[in-house]
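Asker: Sending over a structure as structure tokens; questions will come in a sec.
The values are calculated or read from the model by the stated rules, or taken from the named source; none is laboratory data. Remember, predicted model here, so these are calculated numbers, not experimental data. A quick note on method: Cβ atoms are made from the backbone with ideal geometry, for glycine too, and the neighbour counts reach across all protein chains shown. For the accessible areas, the whole protein counts, side chains as well, though only heavy atoms, and no ligand, DNA or RNA atoms are used. Shrake-Rupley method; radii C 1.70, N 1.55, O 1.52, S 1.80 Å.
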Amino acid sequence: MKVERDLHMSRGDGETSYASNSRLREKSILKTRPVLHEAVAAARASASLSSAGAMVVADLGCSSGPNTLLVVSEVLGAVAAGRREAELLVTGGQQPPPPVQHVQFFLNDLPGNDFNLVFQSLELFKKLAARDKGDTLPPYYVAGLPGSFYTRLFPDRSVHLFHSSYCLMWRSKARTDLTNQQVVPEELARGTVLNEGNIYIWEATPPSVVELYRKQFQEDFSLFLKLRHKELASNGQMVLAFLGRKNQDVLRGEVSYMWGLLAQALQSLVKERRVEKEKLNSFNLPFYAPSVDEVRDVIRQSEAFDINHIHLFESNWDPHDDLDDGDLVLDSAQSGVNIAQSIRAVIEPLVAHHFGEHILDDLFEIYVRNVAAHLRKVKTKHPVIVLSLAARRAPKYQANGDCYSLFAHGQFM
């Protein structure tokens, strides 16, 4: 499994594409809007103190489809709102109006991401944004940035705001040589059968395997914080949202059921001799859904960030189910279809590379039935952890001065 090649959402804008099945991420972005707008305000203040005067914003794991530019729209709206508020404070002409703030966006994802679709959508986005926001729209620029967010992406102290949604649950061994990078715990990547019949942590997973995944999360998230701190300007901000778990018992976490039902579908194909048992046993998802306490512990150990905000909210498994009250699924069969389409858009490239494209349709037909049967018993939700972090002024991770900041010297403007 090579991370650059295989870990990406389904490309294009067809029926099974991520662009057509990414409503869960859209709901998360809209749910976290107040947290994002507060972070934008703090980032604007930080950017106004820099010599270049432009606010640099990076969306990590931007993927493709409408949600990519939804983040851009939200940030632009927050910047415009902040400028209007500042203008209202200027009374009687005694103070000059605030300067116009330029915004530079970097859309980051792995090289396998469908960047073509992103930039094909950009012209229409610009027209709609100009129509809706008019003169209040700040000058802005959008660039793509392929690469793993488990590596350095920017010069020292050059970014004012990092945003990431539905990405940090994906694991990486985070080696510097990405062509040899393993994205599951090393002991599992060697091919040793430690989690037979499963593709993630589930009820029969041995404690040793759980610990491997937990350790990998701790190492990955710690590295992520270290890298981003070096890249953030003074008082730089981060807003992160990713799948987690509500239960302390990782074996029975809500996300574990989601992947467990897919493992059951693969087991059905093994029984039909359409998938080799060895193939199933060697397929371990590069994924971990942490608890809030596990996330908080890594942040505290980093000594690099202050936590402005941390909370967990729940989103229905079915991306088209907007009913927050009650435990009733109105149509479990249709919800099974909706959920399977959403999961397929995310996991199809990994499954196709490991098992072959020929099993995809039948696999997800079985998965639809498994999910529908599960929903007839209990309505299940995705726990989503939302974080707002501010970089400390006296960090544990000091900038080493190796990276010359083009942003600080105004060469990107």
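Asker: What is the Cα coordinate range of segment 237-371 on the first, second and third principal axes, sorted by size from largest, in whole angstrom?
Answerer: 52, 37, 27
Asker: Rounded to the nearest 10 Å², what accessible area does LEU161 have for a 1.4 Å probe in the complete protein model?
Answerer: 0 Å²
Asker: Can you tell me the length gained on complete extension of the stretch TYR141 to ASN116, counting 0.36 nm per residue apart and subtracting the Cα distance?
Answerer: Working: separation 25, 0.36 × 25 = 9.00 nm, distance 1.68 nm.
Computed gain between TYR141 and ASN116 is 7.3 nm.
Asker: At a 10 angstrom cut-off on C-beta neighbours, averaged per residue, how do the peptides 34-40, 371-377, 162-168, 354-360 rank from highest to lowest?
Answerer: The peptides rank, most packed first, as 162-168, 34-40, 371-377, 354-360.
Asker: Please list the non-local residues whose amide H lies under 5 Å from the amide H of ASP109, H modeled 1.01 Å from N, same-chain partners needing a gap of 5 or more.
Answerer: GLY61, CYS62, LEU145, GLY147
Asker: Give the ranking of LYS226, LYS379 by solvent-accessible surface, highest area first, calculated with a 1.4 Å probe.
Answerer: LYS226, LYS379
Asker: Further question on the same structure: Among 100-111, 204-215, what's the highest-first ranking by average C-beta atoms within 10 angstrom per residue?
Answerer: Details: 100-111: 20.2, 204-215: 15.6.
Ranking the peptides 100-111, 204-215 by packing returns 100-111, 204-215.
Asker: Next up: Which order do ARG300, ARG274, ARG44 take by accessible area at a 1.4 Å probe, largest first?
Answerer: ARG300, ARG274, ARG44
Asker: Right, something else. Which of the GluC sites (Glu not before Pro) found in segment 254-346 are loop residues per DSSP with 10 or fewer other Cβ atoms within 10 Å of their Cβ? If you can, show how the numbers build up before the last one.
Answerer: On the way: sites: GLU254, GLU272, GLU276, GLU278, GLU294, GLU303, GLU314; in loops: GLU272, GLU276, GLU303.
Taking segment 254-346 and a limit of 10 other Cβ atoms within 10 Å, the loop GluC sites (Glu not before Pro) found are GLU272.
Asker: By how many nm would the segment from GLU278 to ARG131 grow when fully extended, if each residue of separation counts as 0.36 nm and the alpha-carbon distance is taken off? Show your work: numbers first, answer last.
Answerer: Values: separation 147, 0.36 × 147 = 52.92 nm, distance 5.59 nm.
Here the answer is 47.3 nm.
Asker: Could the peptides 144-151, 284-291 be put in order, highest first, of the mean number of other beta-carbon atoms found within 10 Å of their residues?
Answerer: Descending mean neighbour count gives 284-291, 144-151.
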